[in-house]
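All remarks here apply to the structure that follows.
The values are calculated or read from the model by the stated rules, or taken from the named source; none is laboratory data. Since this is a predicted model, take the numbers as computed values, not measurements. Here the Cβ is made from the backbone with ideal geometry for all residues, glycine too, and neighbour counts use every protein chain on show.
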Amino acid sequence: MKIGSILLLGLLLMCVSCSEVPPAAPAKPQRAAATTTPAIVPTTAPNSVGSVTSAKIEMDLSKLDENGMRGRGTGKVLAAYEFCIPDTAKCKAEVKAIAPGVRFMRGSRGRIGAGKGECLCIGETGPGYRVVLNKLAALPYVKRIIECHFE
């Protein structure tokens, strides 16, 4: 038994000494701890360009598919979002060029809290919504984009 153990140990050492160490497996991303505000999901949806990475976008996009819809089967719906801009024709034209479906609600505050001299804007997700949200968030006068619940 002693000789068998020594022989086995010798073979093991020979195998270890001539084999290469396999590369380390990539670390799995850690899940973020639950917070009171929705997480921003920085992933690229299939068939879309770009990813949502802006800290200005305060929406949980993880439940939306590549067409900006959430739900199952025939019960899928678009998500609405809101933001405010200066109440000028120039700003409205810039927003319309990016998101033609945005509605301007002058005089309404919304959940976002549009103030004096600002215009509440309400849009909906749809195909290409990630690109649209990124472009809106890139506008210097758009401070935040949040989900609109029509409360």
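Give the residues of segment 75-100 that are crowded, with 16+ Cβ neighbours inside 10 Å and either over 18 Å from ILE146 (Cβ atoms) or without any contact (Cβ under 8 Å) to a residue 24 or more places away in the chain (or both), sorted by residue number.
ASP87, CYS91, LYS92, GLU94 - these are the residues of segment 75-100 that are crowded, with 16+ Cβ neighbours inside 10 Å and either over 18 Å from ILE146 (Cβ atoms) or without any contact (Cβ under 8 Å) to a residue 24 or more places away in the chain (or both).
For segment 125-142, does any single residue satisfy the condition of being on the phi < 0 side of the Ramachandran plot and exposed (fewer than 13 other Cβ atoms within 10 Å of the Cβ)?
The answer is yes, given that some residue of segment 125-142 is on the phi < 0 side of the Ramachandran plot and exposed (fewer than 13 other Cβ atoms within 10 Å of the Cβ).
Just for segment 112-124: of the residues that are small (Gly, Ala, Ser) and surrounded by 15 or more Cβ atoms within 10 Å (Cβ to Cβ), which one is farthest from ILE57 (Cα to Cα)?
Applying the filter and picking the extreme gives ALA114.
What are the residues in segment 89-134 that are hydroxyl-bearing (Ser, Thr, Tyr) and touching a Gly at 6+ places or on another chain (Cβ under 9 Å), if any?
THR125, TYR129
Hey, among the residues in segment 101-111 that are modelled with pLDDT of 95 or more and under 23 Å from the mean Cα position of the chain (by Cα), which one's surrounded by the most Cβ atoms within 10 Å (Cβ to Cβ)?
By that ranking, first place goes to VAL102.
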